[in-house]
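Here's the structure we're looking at; comments come further down.
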């Protein structure tokens, strides 16, 4: 092999994105795998919430292509996978790199509740299963790079649902400076959809203390409720 060929091979390897496919229909997983571009290397598959947690922790992929509706776990579907992976990543017992895994929802559903649920839980994008293999490949690359990606017909809905104020990002640092480090931790978890009890357990606080932090956050940011907080955080790419 020539030096040029070797260098080319190294670039291809470096640019390959390791992917896990999570969907409860084997035929869909097989078909999607066959349609994905060579830039994606499928390192694992899962059909349930519990299988997804095991495979993601074992392989630590760059991107997870995640179905919204999954059996197993506590009935939370794709959003439950996101929340439990996030909790594991914060536990101090997670495999190296788990906190950097990105999630791209891939579902037949374009229902508002489904979209909002997984985005709140931490997904970086949402495509419908009508998307082509090339579109999914491109979306996975963009999500890996830090972008948020949505199917064209969902983009307008997402902007409306979360009130994304694209012109407000310049003030984000000043707004965050109003919050203490602990308030920022609580803010991010609440914005992702965690219940007060879950936040308390993760941060080793009392529920009353969490409630106090949330009240302070809403007051300092001049917001009325957790829905507005989620919209605020998402528009500033803080989730």
Being in a loop (DSSP other than H, G, I, E, B) and either surrounded by 15 or more Cβ atoms within 10 Å (Cβ to Cβ) or assigned by TED's automatic domain parsing to the domain that holds residue 124 (or both) narrows it down to one residue among 205, 229; which is it? 205
Taking region 105-123 and keeping residues buried (at least 23 other Cβ atoms within 10 Å of the Cβ) and not in a helix (DSSP H, G or I) leaves 105, 106, 123
Scan region 163-186 residue by residue and report those that are within 20 Å of the chain's Cα centre (by Cα) and either within 22 Å of residue 199 (Cα to Cα) or at pLDDT 60 or above (or both). 184, 185, 186
Considering only residues that are farther than 19 Å from residue 111 by Cα and surrounded by fewer than 18 Cβ atoms within 10 Å (Cβ to Cβ), which ones fall in region 74-88? 74, 87, 88
Residue 186 passes all but one of the listed conditions (1) closer than 24 Å to residue 125 by Cα; (2) touching a residue at least 40 places away in the same chain (Cβ under 8 Å); (3) surrounded by 14 or more Cβ atoms within 10 Å (Cβ to Cβ); the exception is number (2)
Quick test of your reading of the structure: residue 215 fulfils all but one of (1) over 25 Å from residue 84 (Cβ atoms); (2) touching a residue at least 12 places away in the same chain (Cβ under 8 Å); (3) surrounded by fewer than 17 Cβ atoms within 10 Å (Cβ to Cβ); (4) more than 21 Å from the chain's Cα centre (by Cα). Name the failing condition by number. (2)
Would you say residue 61 is at pLDDT 90 or above, over 16 Å from the mean Cα position of the chain (by Cα), in a loop (DSSP other than H, G, I, E, B) and closer than 28 Å to residue 202 by Cα? no
Please tell me if residue 68 is under 21 Å from residue 19 (Cβ atoms), at pLDDT 90 or above and in a loop (DSSP other than H, G, I, E, B). yes
Just give me the residues in region 73-104 being assigned to a loop (DSSP other than H, G, I, E, B) and touching a strand residue (DSSP E or B) at 6+ places or on another chain (Cβ under 7 Å), in sequence order. 101
Could you tell me whether residue 70 is free of Cβ contacts under 8 Å to residues at least 40 places away in the same chain and in contact with a strand residue (DSSP E or B) (Cβ under 9 Å, 6 or more places away or on another chain)? no
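The values are calculated or read from the model by the stated rules, or taken from the named source; none is laboratory data. Note that the coordinates shown come from a computational prediction; the quantities given were computed from them, not determined experimentally. Quick reminder, even Gly has a Cβ in these numbers, built from the backbone with ideal geometry, and neighbours come from all protein chains shown.
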